[in-house]
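The values are calculated or read from the model by the stated rules, or taken from the named source; none is laboratory data. Bear in mind that the values here come from a model prediction, so they are computed numbers and not experimental data. Reconstructed Cβ throughout: ideal geometry from the backbone, glycine too, with neighbour counts over all protein chains shown.
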Amino acid sequence: MSARLLDLPPGDWPGRFEALGAAAYQGASAAHWVLRRGVTDWDSMSDLSAALRRRLAAEEPLRTAQVERRSGASDGALKLLLRYPDGASAEAVGMPGTRGRTVCISTQVGCPVRCSFCASGLEGLERNLTAGEILEQVLVLRQEQGEFHRLVVMGMGDAGFNLDATLAALDALIAPAGGGFSARRITVSTVAPAGALARIAAWGRPVTLALSVHAPDDALRHELVPGVRRRRLEETLEEADRLFAAAGREYTVEYVLLRGVNDAPRQAQALAHLLQGRRCHVNLIPYNPVAGLDYHRPERAAQDAFAEALRRASLSVTLRRSLGGAVDAACGQLRRRALTLS
Ligand code: SF4
């Protein structure tokens, strides 16, 4: 079976159209309709002949995933559970932001990293998503909520463990012949398994790297983030310094604050020490509780104190406003609920 259109780079769409007996320019036009304008209904593409539209609708469906669940919140966040034809499901979230909407997409069904505090990791990895399935999340969210300003690859799964498909999907969004979306408005999050940072750096698009750290020392990180037990924090940060910061690309350190686990003043100091002098920004994320897991969000005062200790060490810090808590926004929660109910 040949790959679906959404799995192909936009530059290959003209060739696929020629193979269907259409003109190459119609393939380029279709890529523009789909990836730039977000249209997924062939019938709306008025510059294609009626016969070609009928054939494309039968042979090249653009939407294959069903929206199985929708949860919205009063803050405007919307979380979708998408069900793919093989039964696998993944989550995609749209959130309001100060400069426009942010969409957050998944790269895997389940997650091989198995972070002990995360709903996505509880059942491990079911399978990788294809480039087309990753792109389809963006198209569906755009249809539900309109244009977006930022794209973050921080949903279910870890991009570093599915780089081929993730980078292909992002390339289709960025390409001038595709979505034309600015790479500078994309953030790719990963725990950085061996080789991942080098690949993202070599890929060369100016996306922001978000490094999931979550602990100030190896012992605790290996407990919380078992998928990178063979990696030392120091070595991971040095790699990020060399591949990103040295090339003028500040990276973000993601740190989920867990009450009584990684939020003590001495741990803030240890993290400050670890990050001292590095060209990074720290993003503190107060934990969104997951049913069945014995982790809790620190009190507001403890969150503030942790952030303040880092700022006193001259680090740039954001304490993230939590969006979507009311819609099961902790990654993997919606899918997990569906798995539990099914
Ligand atoms: S926090 Fe991210 S990397 Fe860790 S298990 Fe969840 S989805 Fe995977």
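Of note:
- Near pairs, Cβ below 8 angstrom, 6+ apart or cross-chain, from the stretch 202-221 (in contact (Cβ under 8 Å) with a residue 40 or more places away in the chain and under 13 Å from ALA192 (Cα atoms)) to any residue that is assigned to a loop (DSSP other than H, G, I, E, B) and away from the ligand (no atom under 16 Å from the Cβ): LEU209/PHE244; LEU209/ARG249
- Residue in the stretch 221-243 that is in contact with a Leu (Cβ under 9 Å, 6 or more places away or on another chain), assigned by TED's automatic domain parsing to the domain that holds LEU163 and part of a strand (DSSP E or B) present: no
- Hits in the stretch 297-342 (condition: in a loop (DSSP other than H, G, I, E, B), modelled with pLDDT of 55 or more and either crowded, with 21+ Cβ neighbours inside 10 Å or within 16 Å of the ligand (Cβ to nearest atom) (or both)): ARG297, PRO298, ARG320, SER322, CYS331, GLY332
- Count of the stretch 201-218 residues which are in a loop (DSSP other than H, G, I, E, B) and among the polar types (S, T, N, Q): 0
- So GLY157, is it of a type outside the set (Phe, Trp, Tyr), within 13 Å of the ligand (Cβ to nearest atom), under 28 Å from GLY11 (Cβ atoms) and part of a loop (DSSP other than H, G, I, E, B): yes
- Exactly one residue out of VAL261, VAL253 is in a strand (DSSP E or B), modelled with pLDDT of 95 or more and surrounded by 21 or more Cβ atoms within 10 Å (Cβ to Cβ), and it is VAL253.
- Assessment of the stretch 102-116 against the conditions (more than 21 Å from VAL225 (Cβ to Cβ) and either among the hydroxyl-bearing types (Ser, Thr, Tyr) or out of contact with any strand residue (DSSP E or B) (no Cβ under 7 Å at 6 or more places or on another chain) (or both)) yields at least one matching residue.
- Residues in the stretch 269-302 that are farther than 26 Å from GLY248 by Cβ and in contact with a Leu (Cβ under 6 Å, 6 or more places away or on another chain): PRO286, TYR287, TYR295, PRO298.
- Whichever residue in the stretch 188-212 is surrounded by 21 or more Cβ atoms within 10 Å (Cβ to Cβ) and β-branched (Val, Ile, Thr) and, among such residues, is nearest to ILE105 (Cα to Cα): VAL188
- Any hit, the stretch 187-200, residues being under 15 Å from the mean Cα position of the chain (by Cα), within 16 Å of the ligand (Cβ to nearest atom), in contact (Cβ under 8 Å) with a residue 12 or more places away in the chain and part of a loop (DSSP other than H, G, I, E, B): yes
- Scoring LEU173 on the criteria (1) away from the ligand (no atom under 11 Å from the Cβ); (2) part of a strand (DSSP E or B); (3) touching a Leu at 6+ places or on another chain (Cβ under 9 Å) leaves a single failure, condition (2).
- Being at pLDDT 95 or above and of a type in the set (Ser, Thr, Tyr) holds for only one residue in THR107, THR64, and it is THR107.
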